[in-house]
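The values are calculated or read from the model by the stated rules, or taken from the named source; none is laboratory data. What you are looking at is a predicted structure, and each value in this text was computed from that prediction instead of being measured. Heads up, the Cβs are rebuilt from the backbone with ideal geometry, glycines too, and the neighbour counts pull from every protein chain shown. Ligands, DNA and RNA are stripped out before the accessible areas are found, and what is left, the full protein with its side chains, is counted by its heavy atoms. Shrake-Rupley method; radii C 1.70, N 1.55, O 1.52, S 1.80 Å.
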Amino acid sequence: MIHDAFNLSPGSIAWTASWIATGVGLGMWLWSWLGEKNAIQKLRWRDCGVVMLFSGILTRVVIQDRPMMAWDWAMVLLGPLFIAAALWRLARTAQGAAEGL
C-alpha cells in the first residue's frame, strides 16, 4: 500500500509536475488580469503564465497512454508557437521591466 502512495516513476513525477506547472501558470495568468497594475509587469506575468500553462499541457500530451486525438495534435502544433512568442516577448520587455522597478 505505501508503495502505491509514493509512486516515484518518471511518468508519475512528470504528470504531477505538469499539473503543478499548469496551476502556477494559471495563477500567473489570473494575477496579470486581476492583480498587477503596471502594464509591462502585467504583460510579463501573462507571458510567464502562458509558458507554464502550455508547458504543463504539452508534458501531459507527451506522457499520455492513449492515442493522440485532434486536441492533442493541436496542442503539439500550437503550444510551441505560443511558448516561443511568449518567450520572445519576455526577452523584448526585459529592459522595460528593469526600468519600471
*Considering Asp72, Asp47, which residue is without any contact (Cβ under 8 Å) to a residue 40 or more places away in the chain, among the acidic types (Asp, Glu) and open to solvent by less than 60 Å² (accessible area, probe 1.4 Å)?*
Asp72
*Take Met28 and decide whether it is under 8 Å from the mean Cα position of the chain (by Cα) and crowded, with 19+ Cβ neighbours inside 10 Å.*
no
*Residue that is open to solvent by less than 80 Å² (accessible area, probe 1.4 Å), at negative phi, in contact (Cβ under 8 Å) with a residue 40 or more places away in the chain and in a helix (DSSP H, G or I), where the choices are Leu53, Leu90*: Leu90
